1. Does residue B:187 fit the bill of being within 26 Å of residue B:24 (Cβ to Cβ) and either among the hydrophobic types (A, V, I, L, M, F, W, C) or modelled with pLDDT under 85 (or both)?
2. Considering each of B:21, B:4, B:60 in turn, give the residue that is within 18 Å of the chain's Cα centre (by Cα), open to solvent by 40 Å² or more (accessible area, probe 1.4 Å) and more than 16 Å from ligand 2 (Cβ to nearest atom).
3. Would you mind listing the helices (runs of 4 or more DSSP H) fully within segment A:136-201 where at least 3 residues are within 14 Å of residue A:81 (Cβ to Cβ)?
4. Checking residue B:114 against (1) open to solvent by less than 40 Å² (accessible area, probe 1.4 Å); (2) within 16 Å of ligand 1 (Cβ to nearest atom); (3) within 24 Å of residue A:167 (Cβ to Cβ), which test does it fail?
5. Given the structure, is residue B:87 aliphatic (A, V, I, L, M), more than 16 Å from ligand 1 (Cβ to nearest atom) and in a loop (DSSP other than H, G, I, E, B)?
6. Please pick out the residue among A:105, A:112, A:27 that is open to solvent by 40 Å² or more (accessible area, probe 1.4 Å) and in a loop (DSSP other than H, G, I, E, B).
7. Take the residues in segment A:191-250 that are of a type in the set (Asp, Glu) and more than 21 Å from residue A:29 (Cβ to Cβ), then tell me which one is least open to solvent (accessible area, probe 1.4 Å).
8. Among (1) away from chain A (no Cβ under 14 Å); (2) free of Cβ contacts under 8 Å to residues at least 40 places away in the same chain; (3) assigned to a loop (DSSP other than H, G, I, E, B), there is one condition residue B:129 misses while meeting the rest; what is its number?
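The values are calculated or read from the model by the stated rules, or taken from the named source; none is laboratory data. Just so it is clear, the model here is predicted, and its values are computed rather than measured. Please note: Cβ atoms are built from the backbone with ideal geometry, for glycine as well, and neighbour counts cover all protein chains shown. Just so you know, the surface numbers come from the protein's heavy atoms only, side chains and all, with ligands and any DNA or RNA stripped out. Shrake-Rupley method; radii C 1.70, N 1.55, O 1.52, S 1.80 Å.
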Amino acid sequence: MKTISKRILFFAILIGFWSLGSALNWWSEVLFPSPINVFQALFTGVKDMTLIYDLIASFRRLAIGLSIALILGTAIGVIIAKSKTADDTIGAMLLALQSVPSIVWLPLAIMWFGLNEKAVIFIVILGGTFVMALNIRTGIKNVQPLFIRAARTMGSNGLDLFRRVIFPASVPHIVTGSRLAWAFSWRALMAGELLSTGPGLGYTLRYASDFGDMSLVIGVMIIIGVIGSIVDQLIFQRIEKNVAKRWGLV
Amino acid sequence: MFLTIDKLNKQFYTPEKQLSTVLKDISFSADEGEFISILGPSGCGKSTLLSIIAGLTPSTSGTVEVQGNRIIHPGKDRGMVFQEPALFPWLTVIENVIFPIKKEHSKKTANELANNYLKMVQLSKYAHHYPHEISGGMQQRVAIARALVMNPSLLLMDEPFGALDEQTRSRLHVQLEHIWRDTKKTIIFITHSITESIKLSDRVIVMGTQPGVILTDIKIDIPRPREKHKEQMIKLESQIMVHLKSEIDKVISEET
Ligand SMILES: Nc1ncnc2c1ncn2[C@@H]1O[C@H](COP(=O)(O)OP(=O)(O)O)[C@@H](O)[C@H]1O
Ligand SMILES: [Mg+2]
């Protein structure tokens, strides 16, 4: 059987089991609503546009935060790849920071920026920057010395060498860094919204939960999961595969 | 003299922090248009020597001069072909060949030049392929075109056909000989194959190992094309073998 049909079958069975359990009252409808109710909550949310506005709001923050994270991460990554002193100091600190979930910064961020969008965007930036920086560093450090030697015999050096050889040679790591930065930022965004203000998917999730609307809670969770896997599999993994092939890594 | 190498020495620190002499008092010179092979067992410092001529590695002492200019840095007057093609995988074949001349020529001229050299190595049809889409022998021909497109006066080749199968290698020998005849480049060609060196070059410089020194410098006077003079080639081969034998024994005794 093909992967895609296996997947469809699996989800069909899962939803079937879920419907069955709800119909036979294996669990309380209040705590774990049936698929029909979840679907209805999603449908209403889309029809009255609230979920659409949430999506737009969340994506706007993600776009701002992630762009800044990618640019900042690239800059830091280049610096720590090129300077040993920077690597020994900033590089070591990045490793430590990387192991702290960025949501941990939220209390501080709320004090600094207030309970608003800026605090959430700050968390998103922190989520993506470090992993991007570390991947850029790895990419630049792992450029084949042969490429650099060959380029130098062709009169390339300094900035030209960086722009035309080192940077393009690091593209596979840049793509991986971006994919991980996206994943971390996306999680940070949801956590940040959940704990601060709206509009946004995370905020609606908490709002629904406060009002006991479990159908909407599960609906929003499904949206978050679906978006996460679509971006990861349909966009990043595809780019990663193409790049790996072109760059002769497979 | 076109190329003069004078009392070149190169020392490296081993991982155990001991100084090891890789090249010792290497001196030789080359006329313009000469095809010189440097032959020696592996590890004798051939790549190091070529790298110093290219300006990629500094010497410990001694000098390299090309047309009277002291070599310190790499430059486009010296094209280099490595054992591995070293093509940039993110560029197409023609973009790779354009790489060294991109800055000094208009897009159109650069394209024309690159196409000319791709024609010379008979790869025009593959201009828009990516390196991973063509065979190892073709990749090495692209690398040769990429070195020639800068119009260097000196072409440095470090065992360029070492990783290829016998048949491909023979075909590339013929092509290289034609290119050399047509472009009149001075070529320094590194190899550890006696046959290859006799087949291609005007002169064979035989190196010994530990430290790397020049054992002898043999002029090859066999008329070209040399396939027609098999006996003379075989005679020379055994003559060079005598020089190399003791060196190879030295390497073997060291390894066992
Ligand atoms: N950067 C380096 N640092 C230390 N030792 C080196 C370095 N480059 C080459 N060597 C040593 O120099 C010797 C000669 O190497 P090489 O020039 O590659 O020989 P060949 O090309 O004849 O096989 C080897 O023993 C090698 O280990
Ligand atoms: Mg070598």
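1. Spelling it out, residue B:187 is indeed within 26 Å of residue B:24 (Cβ to Cβ) and either among the hydrophobic types (A, V, I, L, M, F, W, C) or modelled with pLDDT under 85 (or both).
2. B:4
3. A:171-195
4. (2)
5. Details: aliphatic (A, V, I, L, M): yes; more than 16 Å from ligand 1 (Cβ to nearest atom): yes; in a loop (DSSP other than H, G, I, E, B): yes.
Yes.
6. Among A:105, A:112, A:27, only A:27 is open to solvent by 40 Å² or more (accessible area, probe 1.4 Å) and in a loop (DSSP other than H, G, I, E, B).
7. Let us first name the residues in segment A:191-250 that are of a type in the set (Asp, Glu), namely A:193, A:210, A:213, A:232, A:240.
So of that shortlist, the ones also more than 21 Å from residue A:29 (Cβ to Cβ) come out as A:193, A:232, A:240.
Values: A:193: 0, A:232: 31, A:240: 43 Å².
Residue satisfying both the conditions and the ranking: A:193.
8. Here residue B:129 clears every test but (1).
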